[in-house]
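The values are calculated or read from the model by the stated rules, or taken from the named source; none is laboratory data. Please read these numbers as outputs of a predicted model, since none were measured by experiment. Virtual Cβ from ideal backbone geometry, glycine too; neighbours counted across all protein chains shown.
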Amino acid sequence: MYIVLLGPPGSGKGTQGQMLSTKLNIPHLSTGDLFREILDNPKHELYESLQVIKEGKLVSDDVVNKVVGGSLRDPRFEDGIIFDGYPRTIAQAQALDQELESIGKAVDVVIDIHVTKEVLLGRLLGRRSCPNCKRIFHVSQGISECPDCQITLIQRPDDNEETILERFDEYQTKTAPLQEYYRQSRTNYIVIKVFESSRTADSVQQEVWDRLYGLGLVK
Ligand SMILES: [Zn+2]
């Protein structure tokens, strides 16, 4: 099964992707993971094309599409992929459709997680992370030290209200055409609304699962 996850930073889509990955036994994949893998392998044909990452530049649609296209033919991913952070543009969505079509597959479902600004702010302003192992915590857990590293947790500088709202608006603007693209195609499209900050990841996952069940995609 090929799943595309949409949702702004802080929507919990990464967590949902991981949970689905475990349940469905399908890899949860971000393009960042794929890029890192290639950058560790100087013999890879796209190694040179990805050097722009080290300069802090964006990877072109063309190269992203080649990376993803290659992974679709990788035996590790033959049962499907849960895409996280890809596609980001219509050009990427079209390329993904074409690549999947060429192997007789298609995007089975798009899961679009909607969150309110209030929920995002509550989550992200309370986010604390371990400077050593990068594990993420939340102030509501009442922990001030990383249990593994015994180091005081910190708040990341970009987790402030202004930056969070900027990222949210940027996400909305950039993703709107993509949402439109998938809504107009015949792809199954699920919207999950997370409008209460007390909502747990388990409850969101249950809703995702129920909706997938309703579409006949899971048993
Ligand atoms: Zn730690």
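Worth a mention:
- The sole residue among V191, V204 that is of a type outside the set (G, A, S), in contact with an Asp or Glu (Cβ under 8 Å, 6 or more places away or on another chain) and either modelled with pLDDT of 90 or more or assigned to a strand (DSSP E or B) (or both) is V191.
- Residue within region 61-84 that is among the aromatic types (F, W, Y), within 16 Å of the ligand (Cβ to nearest atom) and buried (at least 17 other Cβ atoms within 10 Å of the Cβ) present: no
- Number of residues in region 183-201 that are touching a residue at least 12 places away in the same chain (Cβ under 8 Å) and farther than 19 Å from E118 by Cβ: the value is 5.
- Condition broken by T116, with the remaining ones in (1) within 15 Å of G10 (Cβ to Cβ); (2) exposed (fewer than 14 other Cβ atoms within 10 Å of the Cβ); (3) polar (S, T, N, Q) satisfied: (2)
- Considering I111, I103, the condition of being of a type in the set (V, I, T), more than 16 Å from the ligand (Cβ to nearest atom) and over 20 Å from S30 (Cβ atoms) is satisfied by I103 alone.
- Residue ID - farthest from K13 (Cα to Cα), chosen from residues in region 47-60 that are surrounded by 14 or more Cβ atoms within 10 Å (Cβ to Cβ) and either among the basic types (K, R) or in contact with a Phe, Trp or Tyr (Cβ under 9 Å, 6 or more places away or on another chain) (or both): L50
- Residue list for region 120-167, restricted to those being part of a strand (DSSP E or B) and either among the aromatic types (F, W, Y) or within 14 Å of the ligand (Cβ to nearest atom) (or both): R128, S129, I136, F137, E145, T152, I154
- Of L124, L153, L100, L165, all but one fail to be without any contact (Cβ under 8 Å) to a residue 40 or more places away in the chain, surrounded by 12 or more Cβ atoms within 10 Å (Cβ to Cβ) and hydrophobic (A, V, I, L, M, F, W, C); the exception is L153.
- Counting only residues that are part of a helix (DSSP H, G or I) and basic (K, R), region 64-106 holds 2 of them.
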